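Below is one structure, written out as structure tokens; the observations come after it.
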Amino acid sequence: MSFFFKKKNQKINKIFPSLKLNKDYFIKSIKPLHLATQNDLTFFDSLKYKNLANKTKASACITTSNLENFLPMNIDKIIVKNVLLDLARVLKLIYPSADVDYPDLSLKKPLKNKYKTVKFGNNVLVGKKVIIGKNTIIGSNTIIEQGVKIGDNCIIGSGVIIKNSLIGNRVMLQDNCKIGQKGFGFIPIKGQNIKFPHIGRVIIEDDVEIASSCTIDRGSVDDTSIGKNTYLDNQVHIAHNVKIGSDCMIAGQVGFAGSATIGNNVSIGGQAGVSGHLKIGNNVRIGGGSGVIKDVADNQILMGYPATHLKNFLKKNNE
């Protein structure tokens, strides 16, 4: 399910006229390397993803001359100088409304006969094709934009805004959370900032609790996701494409940069930060105020900036 209008009948040769491919075809979608299938367009801009590139099932890939040899032989390679810039251009062409978060003008007061078992506070607004499960409670001044799905027995606080999101059962979102907005994505070139369209979603699984004033950006090309039974404290920021596993505990004011992947049963202390495109393993503990700038294996305890093994941190600070 996509929340964004997609222009139909976009052929690969029309999008990239300089390619002059022998076989022309309609682009079905734009997806990351590991999710792309036949007639999908993907992108490959870092050696960090070479293992995914080698296995991708996409029909075409935007990449650079330094990386093209890591792709399968049968894939159409679109060689460019700046992968993200060309990707932004194509995303804007195929999904013309995804680079700006336009207000949902379909918002209306919810109809009681449509949501018979849902309790609404004052001034709640709901968009078209919104699904809200049984026995869910929605606080006052909350906005749920078009297409959003919310499961059974959820509690949504006051002043919450939800868009481009799929939310499971028994989820609690406390007051003033913002879920599913466009992430911090642009490309600075020659005195201008090229907006990067975000066509992904936010997926929140069952039994998640998200405390007050958290911000969770939707994915750019992939989805942002939070696994079952994970708890977030106040003012946590989750950037686009971040994936947080199950049974995690994230304390207040922690920030995750884009495309970070967090394992299961991870605990992170307050005001810690995780850099983008990192992989944090299962059962990891990260102390408050730490800055993680490298991948972390399973079962590690880290502290400090840059974050290091707890024993090394204590030894250094006791010298």
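Values in this text are rule-based calculations from the coordinates and carry no lab data. This is a predicted model, so every value here is computed, not measured. Positions of Cβ are backbone-derived with ideal geometry, glycine not excepted, and every protein chain shown enters the neighbour counts.
Using mean Cβ contacts within 10 Å as the protection proxy, how do 81-91, 67-77 order, highest first?
81-91, 67-77
Rounded, prolate or oblate: which fits the stretch 271-312, taking a ≥ b ≥ c as square roots of the Cα gyration tensor eigenvalues, rounded meaning a/c under 1.5, else prolate when a/b beats b/c?
Oblate, since a/c reaches 1.5 and b/c is not below a/b.
Please give the net charge around T230, taking every other residue with its beta carbon less than 9 angstrom from that of T230, where Lys and Arg add +1 and Asp and Glu add -1.
Details: positive: K228; negative: E205, D207, E209, D247.
Around T230, the surrounding residues sum to -3.
Could I have the simple spin-label model distance between Q271 and K294, label points 7 Å from Cα toward Cβ, reported in nm to one decimal?
2.5 nm
Find out how many positive minus negative residues lie around G183, taking Lys and Arg as positive, Asp and Glu as negative, among other residues whose Cβ is under 9 Å from that of G183.
Values: positive: K182, R218; negative: D217.
Local net charge: +1.
Could you work out the local net charge near T261, counting Lys and Arg as +1, Asp and Glu as -1, over the other residues with Cβ closer than 9 Å to its Cβ? Don't jump to the answer; show the numbers that get you there.
Working: positive: K243, K279; negative: none.
Counting the neighbours of T261, the net charge comes to +2.
Select from S29, I293, S259 the residue farthest towards the positive end of the dipole of the chain; place +1 on Cβ of Lys and Arg, -1 on Cβ of Asp and Glu, and compute about the Cα centre.
S29
Give me D for the chain in µm² s⁻¹, whole number, from Stokes-Einstein with Rh from the Kirkwood sum over alpha-carbon pairs, 4 °C and 1.567 mPa s.
Approximately 62 µm²/s, per Stokes-Einstein.
Please name whichever of I75, I216, F184 sits farthest to the positive end of the charge dipole of the chain, dipole taken about the Cα centre and charges placed at Cβ: Lys and Arg +1, Asp and Glu -1.
Of the listed residues, the answer is I75.
Magnitude of the Cβ-charge dipole of the chain, K/R +1 and D/E -1, about the Cα centre, nearest 20 debye?
In total the dipole reaches around 1100 debye.
Please give the length that would be gained between I189 and N9 if that part of the chain were fully extended, namely 0.36 nm times their separation in residues minus their C-alpha to C-alpha distance (nm, one decimal). It would help to have the intermediate numbers written out before the result.
Working: separation 180, 0.36 × 180 = 64.80 nm, distance 3.02 nm.
Net length gain for the segment: 61.8 nm.
Quick one: Karplus J couplings for the stretch 154-164, per residue in order, coefficients 6.51, -1.76, 1.60, θ = phi - 60°, nearest Hz, x for Gly and Pro?
Rounded to whole hertz, the list is 8, 10, 10, x, 8, x, 8, 10, 10, 9, 6.
Using a simple charge model, +1 on the beta-carbon of Lys and Arg, -1 on the beta-carbon of Asp and Glu, nothing else, what dipole does the stretch 12-94 show about its Cα centre, in debye to the nearest 20? Provide the component values of the computation, followed by the final result.
Values: 13 positive and 6 negative charges, 17 e Å.
In total the dipole reaches around 80 debye.
For the chain, what is the percent of antiparallel DSSP beta bridges, rounded to the nearest 5?
Given both bridge residues lie in the chain, the antiparallel proportion sits at roughly 10 percent.
Any chance you could check the Cα centroid distance between the stretch 15-60 and the stretch 189-216 for me, in angstrom?
Centre-to-centre distance over Cα atoms comes out at 24 Å.
Based on the Kirkwood radius over alpha-carbon pairs, what value in µm²/s does the Stokes-Einstein equation return for the translational diffusion coefficient of the stretch 138-179 at 20 °C and 1.002 mPa s?
Details: Rh = 10.0 Å.
D = 215 µm²/s.
Run the helix sum for the chain: -39,500 (n - 2.57) per DSSP H stretch of 4+ residues, divided by residue count, reported at 222 nm to the nearest 500 deg cm²/dmol.
Rounded to the nearest 500, it is -2500 deg cm²/dmol.
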